[in-house]
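A.B. asks: Encoded as structure tokens, here's the structure I'll be asking about.
The values are calculated or read from the model by the stated rules, or taken from the named source; none is laboratory data. Please read these numbers as outputs of a predicted model, since none were measured by experiment. As a convention, Cβ positions derive from the backbone with ideal geometry for all residues, glycine included, and neighbour counts pool all protein chains shown. Keep in mind that these areas ignore ligands, DNA and RNA; they rest on the heavy atoms of the full protein, side chains included. Shrake-Rupley method; radii C 1.70, N 1.55, O 1.52, S 1.80 Å.
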Amino acid sequence: MQIRIATRADVPAVLHLLADDDISRTRGFGIVAEEVDAAVWAAFEAIDADDRNELIVALDGDEVIGTCQLTFIPGLSRGGAERMLIEAVRIHTARRGQGLGGDLIRWTLDRARERGCAIAQLTTDKRRTDAHRFYAALGFEASHEGMKILL
């Protein structure tokens, strides 16, 4: 598996990975249009132009089989250390259970260390009990209670 920063050409495959998820479907995101929406392109361009954001893809040959987004957050806590936020982690459903997700997350942690981050964090939906076990096995601790509000 090769892991790299996504290009514009990867966006349709990333959208399919994000949509192929039961919880995403409950949020109304389960069908990917043939043409990528202008708002999605604008979001990709913003991510791509921002040195504090990285859209990551994992590939098997030319096929995108995994993705996540990394955001590097400066902060005053922890002595001014930067932290990395990991979001939207997906591995293609047909490829799960092969260790690829663990490889992807370990790559992201190495990326955080390269940037000098002191901490990596993520949120995961409370319904994703398999994901909770997966992240715990990689050393993550459920140390905080997250909260969200739709705007």
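A.B. asks: Please check: in the Gaussian network model of the chain (C-alpha springs, under 10 Å), which one of Leu59, Leu109, Leu76 has the largest mean-square fluctuation.
C.D. replies: Leu76
A.B. asks: Would you kindly derive the ³J(HN,Hα) couplings of region 130-146 from the backbone phi angles with the Karplus curve 6.51 cos²θ - 1.76 cosθ + 1.60 (θ = phi - 60°), listing them in order in whole Hz, with x for Gly and Pro?
C.D. replies: Coupling constants for region 130-146: 5, 5, 4, 5, 4, 5, 4, 5, 8, x, 6, 10, 7, 8, 9, 9, x Hz.
A.B. asks: Hey, rough spin-label estimate for Ala38 and Asp130, points 7 angstrom out along Cα→Cβ, what's it come to in nanometres?
C.D. replies: 3.9
A.B. asks: Could you give the length gained on full extension between Met1 and Ile23, defined as 0.36 nm per residue of separation minus the Cα-Cα distance, in nm? Write out the running numbers ahead of the final one.
C.D. replies: Values: separation 22, 0.36 × 22 = 7.92 nm, distance 2.61 nm.
Net length gain for the segment: 5.3 nm.
A.B. asks: Could you tell me which residue out of Gly80, Ala19, Leu100 lies farthest along the dipole of region 6-150 toward its positive end? Charges go on the beta carbon: Lys and Arg +1, Asp and Glu -1, centred on the Cα centre.
C.D. replies: Farthest towards the positive pole: Gly80.
A.B. asks: Let me ask you something else. Compute a Gaussian network model of the chain, connecting alpha carbons closer than 10 Å, and tell me which residue from Arg127, Arg111, Arg52 fluctuates the most.
C.D. replies: Comparing Arg127, Arg111, Arg52 in a Gaussian network model of the chain, the most mobile one is Arg127.
A.B. asks: Tell me, what is the 1.4 Å probe accessible area of Arg96, in Å² to the nearest 10?
C.D. replies: 120
A.B. asks: Given the rule -39500 (n - 2.57) for each run of at least 4 DSSP H residues, summed and divided by the residues of the chain, what is its mean residue ellipticity at 222 nm, to the nearest 500 deg cm²/dmol? Intermediate values should be presented prior to the final figure.
C.D. replies: Values: 6 runs with 54 residues, N = 151.
When only DSSP H runs of four or more count, the value is -10000 deg cm²/dmol.
A.B. asks: Relative to the Cα centre, what is the charge dipole magnitude of the chain, using +1 at the beta carbon of each Lys and Arg, -1 at the beta carbon of each Asp and Glu, and rounding to the nearest 20 debye? The partial results should precede the final answer.
C.D. replies: Numbers: 19 positive and 24 negative charges, 142 e Å.
Computed about the Cα centre, the dipole is about 680 debye.
A.B. asks: 5 Å is the cut-off here: which amide hydrogens, built 1.01 Å from N in the peptide plane, fall below it relative to Ile65, excluding neighbours closer than 5 in sequence?
C.D. replies: Close amide H contacts, sequence-distant or interchain: Ala58, Leu59, Asp60.
A.B. asks: Still on this structure: Taking a ≥ b ≥ c as the square roots of the Cα gyration tensor eigenvalues, with a/c under 1.5 meaning rounded and otherwise prolate when a/b beats b/c, else oblate, which class fits the chain? Present the calculation step by step, with values, prior to reporting the outcome.
C.D. replies: On the way: a/c = 1.36, a/b = 1.25, b/c = 1.09.
Verdict is rounded for the chain.
A.B. asks: Sticking with this one: Can you compute the FRET efficiency between Arg96 and Leu76 using 1/(1 + (r/R0)^6), with r the Cβ-Cβ distance and R0 = 35 Å? Round to the nearest 0.05.
C.D. replies: Details: r = 39 Å, r/R0 = 1.10.
Computed FRET efficiency for Arg96 and Leu76: 0.35.
A.B. asks: Per 10 Å bin from zero, what fraction in whole % of the C-alpha pairs of region 59-102 is there, up to the bin with the longest pair?
C.D. replies: Using 10 Å bins, I get a P(r) of 24, 37, 22, 16, 2 for region 59-102.
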